[in-house]
Structures are given as structure tokens and as C-alpha cells.
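The values are calculated or read from the model by the stated rules, or taken from the named source; none is laboratory data. Everything numeric here is computed off the predicted structure, so don't read it as measured data. Heads up, the Cβs are rebuilt from the backbone with ideal geometry, glycines too, and the neighbour counts pull from every protein chain shown.
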Amino acid sequence: MPISIDPKDEKIWKYFSERKTPVTIKQVMKALLVSETHARRALEYFVFCELAERSKVGGVRFYKGKG
């Protein structure tokens with residue numbers, strides 16, 4: 001089943017998928033000027049769809065693309 005990404009999350013997906021290093025919610029917020037809630041929901045959706053992995057280091061969540 002193909003995964004559909006909401007058009008409002010397209011810019012977050014593009015930023016996330018082009019990076020080689022893991023990102024935090026704050027990095028997405030600062031780079032794209034979106035709210036914390038929007039960034040968190042988009043990144044969690046990518047984890048839910050198994051497009052990304054989440055890890056926690058010292059209380060900070062890092063999101064990394066699979067593959």
C-alpha cells in the first residue's frame with residue numbers, strides 16, 4: 001500500500017529525507033519556521049508509517065530516515 005504524505009507535511013519530509021544526519025524537532029522548527037506541534041506530528045507520522053526511526057539520547061528525541 002503506498003504511503004501518502006499530507007501536502008502540509010511535504011516540506012518537512014523534503015528537509016528530513018535530504019539530510020544524512022538525524023534531526024530533532026527543534027532543528028526542523030528552526031530550519032522551516034514551523035510550530036513545535038506541527039514538526040512533532042509530522043515526524044511521529046513518519047515513524048508510524050515506518051519511514052523513519054526514533055531514538056532518544058539524553059532526553060532528546062532524534063529522528064532518522066530508514067534505508
Select from segment 53-67 the residues that are modelled with pLDDT of 95 or more and either closer than 24 Å to P2 by Cβ or in contact with a Ser or Thr (Cβ under 8 Å, 6 or more places away or on another chain) (or both) and write down the one among them that is surrounded by the fewest Cβ atoms within 10 Å (Cβ to Cβ).
V60
Tell me which residues, restricted to segment 4-52, are among the basic types (K, R) and more than 16 Å from K66 (Cα to Cα).
K8, K11, K26, K30, R40, R41
Do we have S35 as among the polar types (S, T, N, Q) and touching a helix residue (DSSP H, G or I) at 6+ places or on another chain (Cβ under 9 Å) here?
yes
Residue by residue through segment 1-14, note down the ones that are more than 17 Å from E50 (Cα to Cα) and surrounded by 11 or more Cβ atoms within 10 Å (Cβ to Cβ).
K8, K11
